[in-house]
Every structure is written in C-alpha cells, then in structure tokens.
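In what follows, a structure is listed as structure tokens, so that the remarks can point back to it.
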Amino acid sequence: MTTMPTRSEDGSFRVWAPRAAGVQITTGDGSVYPLVKDEASDGWFQGAAQLEHGDDYWVRVDDTNFPDPLARWLPHGVHDAARYWDPTKYQWGDDDWRGHSIADSGCIYELHIGTFTSVGTLDAAQTRLDWLVDLGVTHVELMPLAAFDGGRGWGYDGVAFNAVNDSYGGPDALCRFVDSCHQRGLAVILDVVHNHLGPSGNYWDSFGPLLTDKHQTPWGGAVNLDDVGSDDVRTILIDTTIGWIRDFHLDGLRMDAVHELVDDRALTYLEELGEAVRLEAASANRTIEVTAESDRNDARTVTDVDNGGLGLTAQWDDDVHHALHWLITGEDVGYYGDFATAPAVCYTLERAFLHDGTWSSFRGRSHGRPVDFTLVDPWRFIVSVQTHDQVGNRATGDRLSHLVDLDAQAAAATILLSLPYTPMLFMGQEWSASTPWQFFTDFSDPQLAQLVTNGRRGEFASHGWAAQDVPDPQAASTFERSVLDWSQASAESGECLANWYRTLLGLRREHPGFGSALAGTDAPSSQTAGGLRVSITTTDDDLPAAILLSRGEWLSCANLGDEPQVFAVPAGDSAVIAAWPSTESFNAQHRDGNVEISMAPGASGVVRTGHAR
C-alpha cells in the first residue's frame, strides 16, 4: 500500500477521486501536473508532480482547486493550499528505541497539546516531559492532532487524516516531540478519529464516497466501511494510520469510539487495521499497540483474532470510571445511577464491567457480556477517574478537584492505582489542577459557530442549566480557562498529591503483584481480575464509609467517611508500604491473627501482608 496522495519517492501522486473526470496537481507558481486514470484501479488517478519540500500545492478535481485531504502539512488551514512535507528531512535520534508495552506496568497520561502548556504547542509540551517521567508515566496519549478548522479545538472535528494541526507546530514539531519522548523512555499513543469527519473543511464529497448514508452516527452519515467503494476507503484509512506510525515513529493508537464504526462486512475494519499494525510492528522491530474507546462492554475487542476477537491491544473501561466517580463524589444522576450502590462498585472493580449482560437503565436495555479472566488479561482494560470526556462533557468542565477535597482525590488515586488494570491519568489530575477543562471550538463560519454554541447550551438546558452558565465553546476565554496552570504543581497541596501518585506508581513498577495482572494470575475463578476482592462498609444511609481492596499479599484501603475506620483481615506479619497523609492517620497492627488497619477520616494507604515492619 502507498500513502495517498502524498508524493512518493519517485515524485508521483496517487489520488482517489471516483467522482472526478480529471485530477491535476497545481502550484502557486502556476505549474499544472495532470494525473491520469489508473486503469488497474478504478477511481484512482496517478502521475508525477515536481514538488520540493515546502512547496504549496492544490489538488484540482475537474475545474476546482481543493486542499489535499491527505496532506501532511496544512500551514494555511484546512480551507487553503497544502504544503508538501518530506518525512526524510527529519534526522531521528531514537534508533535504539524498541517501544514499551502497556502490559509492562503501563500508565497512560492523556493530554491535549493546546491546553497542556500556556504556549499550546508540541515543542512547549516537550518542556514538561521530565515531569511525566518522574511521575512514573510510561505512555503519553495525545488527543487528536489531525487538522481541524480554526486554532482551538478538542481535535475530534478533524478533516485531514494525515496533517498535524498547524497551531500545534505542524509535522516537524511532532517528530521532535516523539523523538524527545523516546529519548526519555516514554512511548507515544495518538488518538485517531476514523468514525466521522468535522463539519468544516471536509472536501471528501468532491473526491469520492468516504461517507455513506447507509448508516447514521451521532455526527451524521457514517464513514464508509461496508458500502460501495468501501474497499478504497479502508485502504485510505489504513494507509494513513500506518503513515502516522512510520513517519512519526508512534508507538500506538487510541481509536476513538469504535462502536460508531458501523461495519456489516464479515472481515471488520478493526480486524484489518489491527493486522496492518501488527505487520508494521514486525517490520519495524518494535512494539506498536492499538487501543480502543468502546462502549460495547465486550472483551472480544481485545481478544485474539484466532479466538474470535478483534485482536486489539486494550480498551477503555468507562464502567470502572463511573463506579469510582460515585464512590468518591456521591453523584448519582444519569448513568452514574446504575453504579450508586456499594455492591455495584465492588462488582465493577472486580469484574471490569457492571453491565456484562445486565440491565442498563440509561440505555433502557441489557448490555455487555461477562469477562473471562482466565482468558483475558486484566491489563487490557484501561481505567481512570478522570478523562477528557468525563471532565469536558460536564456543563462547566469541572474536575474532581472541584467536587471533592484533597483527601478524597488521594483516595481515588489509591483505589485506581491498586487495581489490576492499566491506569490512565488526565493531565493535571496528579496535582489537583483547579483549571476546568471545557468544550471549546474555533469555527470560522459564523453560522456554524452559532449552531455549535446554541447546541451546547441547549443540551444542558434540558438538565436544568441556564444558557448563560454554560460556557460558549466559540469564546476564546473558554479555551483560555482550560489551559493548565503549572504553578499549581509546585504548590504545597499539588506537591503532596503528585508525590502520592509517584509513590503508588512506583509500587506498580517495582512490585508486579501490586500492578496490572495477566490472565489467570492468582485468579481462583474466571470472574475476578487477578483474584481481586473488594469490600465496602457503608453508613446507615448506605453511603460508602470505607473500601478495602485485597489481592494476594496486597491490601489497599481508603476511609471515605467522616469517622475513623478499622479493617481486620486474617494475615500474618504486615507492613504499611504507603500511607496518606501519614502513618499517624493510617497504620496497621498484627493482633490475634489479623491485620488491623486503622484509618483516620481522609486516610488511605497500602499494606503488604507477610512482611514484618
């Protein structure tokens, strides 16, 4: 496969345009390079164009110039000329890099380049990589970089599959960022959106049927994975994916909302994509992994193809987020309602999904299927207490730090990082960032901009929000409020919480039995992940008072209430390995064959049994 229509080494272009009578490459100096129909591949045009690195050009379809929808570089925006980018110009310094698997005590850190620093570029983000290394992060997950209309956006309105949005620094900046990560031992995952295109700057309809009305998604027509012309669409999508991996040395992909990749073909697109990535990883002799955001609650997403699965590496697990959110905040509206009992939380944490074939009230139907942990590795489930979605899709983008105090945030970290799954952090949560993360856009079309503003405010009006209280996505101030304030990381409270994350991530790294688990590891049955057992004590009002997680020799506890709590667990000698905020408020004693763990209000910690003090 070749990356289309990016120029190949011999100077040729290859463009998919089955709706066109003719295709040409035109340049700013008036040069015109006609492409000819490929008789062997219906709908494709190919030919040479004498472009050098940095030359601007258009793709002319019949009599109209369009931005190249598969350009690597769109420095003038998604409505203007593309610029040719030669990936061989960058001199890489990561020749010895072979990657890092999520399975190897992985911790993912999700960040948005535009709001990660006050400058909002890939180069500026490099200045914070040492913080991530010191924290214990292994994988940086970049929210989508594909070019979109305007200078501000989450990235999910991208329209150019191949281009790095210019406001972030363009393609060379991504090379520098990934190179810098690899030289620090950090792997880089890119969030990729193949389920829809943004509403502004999408010119694909003039080329061919990239979208189809055969299926509908929340954004309109679906990406054409199974209709007429879908062979070519799949080829384009897979080529762009391999291009990102190859040209930018990426270590993995996060596929956005794969449940919206509507696909009725026997061989699914995700299977094809996964196989293409595996072949590329073998060719490059390094670890490259594909993760997925999936709403299906179906472990077949991460089950080997030979065993009837899609063969992806790992998947997001929103059920664990919802269970932890209720446990820590007490919020029980909307989808949190199903998780708003102690038994529901215990079940979810032990088995990855609450909805595993059970009734889902907010869906109005049964949902999901059980996970067999004798066959499926627990580390293949990516869990969190905050994500861009779960923060940004709240009306005002309020974080956990806006909802609970520092002790409760530390308890959330204790629980999250004691689970046998793969943890993911959202930028700033480790220091209790107080900056919100709100929904922001920057569409140039005034009519579209107003529709987005009205739509956002209308969505939350149905939940009782006044329009003026919902931030305007188009306002620059909404974006500016969402930029991290790194000075908070060095404040006393920020340092304390960040140190607690460092401690817990260090335990996961140094003690495999405390971190992510493999299939069948210490599991007495197929039902619980890594043999995890969870118990929650409650108040007279059935609110959570304290939680105990037990797995092998490791006990993790948190006091979630206002009164001191004690857990007594049958065990031999034991030692407190980590305590928040101190061993005065969290301690363990051996008494009458039990380990008695005493916790003051707000305390949490980790105990290792079978070990003397």
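The chymotrypsin sites (Phe, Trp or Tyr not before Pro) of segment 239-286 include none that meets both conditions, a loop assignment by DSSP and at most 15 other Cβ atoms within 10 Å of the site Cβ. Once both labels are positioned 7 Å from their Cα atoms along Cα-to-Cβ, the gap between A282 and R184 label points is 3.4 nm. Each peptide in 322-330, 410-418 was scored by the mean count of other Cβ atoms within 10 Å over its residues; highest first, the order is 410-418, 322-330.
In order along segment 504-509, the phi-based Karplus estimate (6.51 cos²θ - 1.76 cosθ + 1.60, θ = phi - 60°) of 3J(HN,Hα) comes to 5, 5, x, 4, 4, 6 Hz; Gly and Pro are listed as x.
Here's the picture: a label point sits 7 Å out from the Cα of H79 along the beta-carbon direction, and within segment 439-454 the residues with their amide nitrogen under 18 Å of it are 441-453. In plain terms, the chain from A491 to R591 could stretch by 32.0 nm, reckoned as 0.36 nm per residue minus the Cα-Cα distance. By DSSP, the beta bridges lying fully in the chain are antiparallel in about 70 percent of cases. For segment 98-220, carbon and sulfur atoms together expose 44% of the accessible surface, with a 1.4 angstrom probe and every protein chain in place.
Picking from F567, G513, T528, whose Cα lies most toward the positive end of the charge dipole for segment 476-613 (charges on Cβ: Lys, Arg +1; Asp, Glu -1)? The residue sitting most towards the positive pole is G513. Summary value for segment 349-427: 31 percent relative contact order, contacts being C-alpha pairs under 8 angstrom separated by 6+ residues.
For S360, the residues whose modelled amide H falls within less than 5 Å of its own, excluding neighbours fewer than 5 places apart on the same chain, are R365, S366, H367.
Can you list the chymotrypsin sites (Phe, Trp or Tyr not before Pro) in segment 145-192 that are in a DSSP coil and have 12 or fewer other beta carbons within 10 angstrom? Intermediate results must be reported in sequence, preceding the final value.
Details: sites: F148, W154, Y156, F161, Y168, F177; in loops: F148, W154, Y156.
Within segment 145-192, no chymotrypsin sites (Phe, Trp or Tyr not before Pro) qualify (loop, at most 12 other Cβ atoms within 10 Å).
In this simple spin-label approximation, K89 and T217 carry label points 7 Å from Cα along the Cα→Cβ vector, and these lie 3.2 nm apart.
Scanning residues 5 or more positions from L253 or on other chains, those with amide H under 5 Å from its amide H are L190, E289, V290, T291, with H placed 1.01 Å from N in the peptide plane.
Only beta bridges with both residues in segment 205-319 are counted; by DSSP, about 40 percent of them are antiparallel.
With θ taken as phi - 60° and the Karplus curve 6.51 cos²θ - 1.76 cosθ + 1.60 applied, the whole-hertz 3J(HN,Hα) list for segment 221-230 is x, 8, 5, 6, 9, 8, 9, 4, x, 6 Hz, x standing for glycine and proline.
Helix 269-284 axis versus longest C-alpha principal axis of the chain: approximately 90°, rounded to the nearest ten.
Hey, got the dipole for segment 480-613? About the Cα centre, +1 on K and R Cβ, -1 on D and E Cβ, debye to the nearest 20? Working shown, then result.
Numbers: 9 positive and 16 negative charges, 129 e Å.
So the dipole magnitude of segment 480-613 works out to roughly 620 debye.
Looking at segment 43-195, the DSSP beta bridges with both ends there are about 45 percent antiparallel. Mean sequence separation of contacting Cα pairs (under 8 Å, at least six apart), scaled by the length of segment 173-272, corresponds to a relative contact order of 37 percent.
In a fully extended conformation the segment linking D541 and V566 would gain 7.1 nm over its present Cα-Cα distance, using 0.36 nm per residue. Treating r as the C-beta distance of D172 and D29 and R0 as 22 Å, the FRET efficiency rounds to 0.40.
Close amide-amide hydrogen proximity is noted between A163 and A147, each under 5 Å apart and 5 or more residues distant or on a separate chain (H modeled in the peptide plane; Pro and chain starts excluded).
What chymotrypsin sites (Phe, Trp or Tyr not before Pro) in segment 371-461 are in a loop by DSSP, with at most 10 other Cβ atoms within 10 Å of the Cβ? Could you put the intermediate results ahead of the total?
Details: sites: F373, W379, F381, Y421, F426, W431, W437, F439, F440, F443, F460; in loops: F373, Y421, W437, F439, F440, F443.
Within segment 371-461, no chymotrypsin sites (Phe, Trp or Tyr not before Pro) qualify (loop, at most 10 other Cβ atoms within 10 Å).
The values are calculated or read from the model by the stated rules, or taken from the named source; none is laboratory data. Keep in mind it's a predicted model, so treat the numbers as computed, not measured. Heads up, the Cβs are rebuilt from the backbone with ideal geometry, glycines too, and the neighbour counts pull from every protein chain shown. Heads up: the accessible areas ignore ligands, DNA and RNA and are worked out on the full protein's heavy atoms, side chains in. Shrake-Rupley method; radii C 1.70, N 1.55, O 1.52, S 1.80 Å.
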